[in-house]
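Below: one structure, written as structure tokens.
The values are calculated or read from the model by the stated rules, or taken from the named source; none is laboratory data. Since this is a predicted model, take the numbers as computed values, not measurements. No Cβ is skipped: glycine too gets one built from the backbone with ideal geometry, and neighbour counts run over all protein chains shown. These area figures cover heavy atoms from the full protein model, side chains too; ligands, DNA and RNA do not enter into them. Shrake-Rupley method; radii C 1.70, N 1.55, O 1.52, S 1.80 Å.
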Amino acid sequence: MSVTNNQGTMLGHPKGLFLLFTTELWERFSYYAMRAILVLYLVDRVQTDGGHGLGWSQADAISLYGTFTGLVYLTPLIGGWLADNILGQRKAIMIGGTLMAAGQFILGTPHAWVQGMELEAFYLGLGVLILGNGLFKPNISTMVGDLYQEGDHRRDGAFTIFYMGINVGAFLSGIIVGSVVNAFDGNFQAGFICAGIGMVLSLIIQLVFAQKLLGDIGTVPAAKLEKQKDMARGQERKEPLTKVERDRIKVIMVMGLFTIIFWAGFEQAGGLMNLFTNDFTDRMIGSWEVPTTWFQSLNAMFIVIFAPVVASIWVRLGAKEPNSPVKFALGLVLLATGFLFMIGAVLEMGGDASAKSSMWWLVGAYLFHTLGELCLSPIGLSMVTKLAPLRIVSLMMGAWFLFIAAANKIAGVVGSFIGHGGEAEEQLANAMSIFSGIAITAALSGVILYFMADKLVDWMHGAESKIHHTEEEALEEEIAVTGDHEALKRS
């Protein structure tokens with residue numbers, strides 16, 4: 001790993017963790033603020049009819065949302081490679097964050113300033129956001145892992161804390177951006193500007209405190225750092241990957257396939273479930289109507305509440321703590337349970353689109369989706385940093401986000417089946433089919449992964465065992481299994 005710093009600890013973790021926590025908090029505020037209003041902005045009435053949006057159909061808006069979020073998770077593959085080989089993680093984060101702030105401000109450009117070119121400005125803003133996210137996203141996560149030496153048992157807990165930072169930002173975003181949009185009479189450009197300000201705060205925090213709290217972490221490209229270590233040991237790799245490394249990468253790939261299924265369902269939150277909330281849910285509390293965007297903060301609120309609970313459960317289980325594949329399987333089953341609540345919401349309406357469903361169905365759905373996320377997402381991030389070879393760790397983090405990219409695009413395609421502006425009753429029936437299909441697929445996938453768990457743990461070569469395998473122990477295991485004493489020369 002990268003050279004660690006000696007700036008002391010806070011709550012048993014390096015202080016640098018809380019810098020990365022805060023940096024990611026404001027970056028996620030920026031992203032989720034934009035995410036909360038993107039589809040609503042697209043389907044809002046065109047300006048000539050008194051609205052502030054682009055007047056798209058619901059199906060087209062959800063499809064575009066899926067394409068955008070898919071690309072957001074695709075470009076980290078490129079950003080990870082650039083950080084590993086050329087830029088280093090810290091420089092990649094600063095460049096990426098600057099691009100993301102610029103993208104938000106371009107989206108916030110008032111229509112009156114670009115009359116006749118509203119769509120071009122919109123696409124330019126999204127494009128700049130996508131490129132910036134590719135540089136930022138994989139490298140901030142990788143640096144969390146770099147704070148800890150190999151075998152440090154605090155790593156999983158660190159990612160849970162880091163994940164709370166993500167969700168504090170996400171929680172604030174839905175509430176604040178919704179309030180800002182309402183304050184400006186439904187003008188979504190004000191919401192995008194608000195998101196851009198959050199990204200600027202993230203950059204300022206990183207710029208001011210990084211050197212003090214992170215030391216040299218992230219300043220040297222990982223591939224160059226590993227080459228320096230090999231030269232210091234008088235060794236040179238003649239093979240790209242050892243058998244142990246190949247097996248561990250296989251685990252990342254297999255788990256990634258199940259990750260696609262989870263996120264394809266989970267990401268209906270910003271698309272189909274967002275529209276369902278807006279059109280088919282009774283959001284009245286007395287005489288006050290809860291803004292649609294506020295429901296986007298439920299997931300983040302539940303994360304902040306339940307992340308410490310789930311983390312403590314894993315600790316209390318001790319030797320009985322489930323391994324990563326079993327946790328993933330549990331996450332898929334919990335996702336399926338959440339969609340049972342969405343099925344209940346549709347059934348309550350009895351096919352009558354004018355009869356709004358209770359908002360408590362949504363609360364239940366987001367609760368179980370959140371519990372599923374806690375069993376899968378932070379565990380996945382931690383798993384990648386444990387299993388990926390150092391010289392390609394940011395690249396592998398980018399590959400992990402590639403699975404999420406595919407999931408987001410699939411989520412958009414699935415959500416668009418609600419229909420292209422047809423009758424409300426037809427859209428309601430289509431929503432029922434989508435919710436049911438996702439629930440069944442997620443439950444079956446969870447069962448399949450559960451029965452694959454033992455084999456996947458074998459391929460991890462000790463990364464999931466209570467007694468940690470060092471690189472040397474893994475090498476000895478490889479020689480014992482394969483009889484390949486040349487492996488000694490390759491590492």
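Annotations for the structure displayed:
- Which listed pairs, of LYS212/LYS327; LYS15/LYS137; LYS227/LYS250; LYS212/LYS250; LYS320/LYS409; LYS137/LYS327, have C-alpha distances above 27 Å, in listed order: LYS212/LYS327; LYS212/LYS250; LYS320/LYS409
- Taking the accessible area of the chain, probe 1.4 Å, and keeping the other protein chains in place, the carbon and sulfur fraction comes to 65%.
- Spin-label model distance (nm) - LYS212 vs ILE285, 7 Å beyond Cα toward Cβ: 3.9
- Computed on the stretch 85-130, the Cα convex hull volume stands at 59 Å³ per residue.
- In plain terms, the chain is cut at each of the trypsin sites (Lys or Arg not before Pro) found in a DSSP loop with at most 11 other Cβ atoms within 10 Å, and the longest leftover piece is 1-232.
- In this simple spin-label model, placing a label point 7 Å from the Cα along the Cα-to-Cβ direction at both LEU347 and ASN85 gives a separation of 5.3 nm.
- Once the Cα gyration tensor of the stretch 66-167 is diagonalised, semi-axes √(5λ) in Å: 32, 14, 11
- Euclidean distance of C-alpha centroids, the stretch 387-408 and the stretch 127-187, integer Å: 17
- Each Cα pair under 8 Å and six or more residues apart adds its separation to the average, and for the chain the resulting relative contact order is 26 percent.
- The label point for THR67 and the one for GLU425, both projected 7 Å from the Cα toward the Cβ, are 3.3 nm apart.
- Average projection area in nm² (convex hull over Cα atoms of the stretch 305-464, one quarter of hull surface): 11.1
- Calculated over the stretch 384-458: convex hull of Cα atoms, volume per residue (Å³): 91
- Centroid-to-centroid separation of the stretch 273-334 and the stretch 11-31 [C-alpha atoms, Å]: 21
- Counted charge near ALA83, where neighbours are those whose Cβ lies closer than 15 Å (Asp, Glu -1; Lys, Arg +1): +1
- Accessible area of ASP60 in the full protein assembly, 1.4 Å probe (Å², nearest 10): 70
- With all protein chains modelled, accessible area of ILE204 [1.4 Å, Å²]: 90
- Between TYR123 and ASP458, full extension at 0.36 nm per residue minus the direct alpha carbon distance yields a gain of 116.0 nm.
- Per residue, the solvent-accessible area of the chain (1.4 Å probe, heavy atoms of protein chains only, all protein chains present) comes to 40 Å².
- Taking the convex hull of Cα positions in the chain, its mean projected area over all directions (nm²): 23.2
- Order of exposure, largest accessible area first, which applies to GLU348, GLU226 with probe 1.4 Å: GLU348, GLU226
- Computed over the stretch 299-372, Cα set: Rg, Dmax in Å: 15.5, 53
- Here the gap between SER358 and ALA319, fully extended at 0.36 nm per residue and compared with their Cα-Cα distance, gives a gain of 9.8 nm.
- By the combined test of axial Cα extent (at least 20 Å) and Kyte-Doolittle hydropathy (mean at least -0.5), the qualifying DSSP H helices of the chain come to 15-43, 58-74, 89-107, 118-146, 155-183, 188-214, 243-266, 296-317, 324-349, 359-387, 393-415, 424-459.
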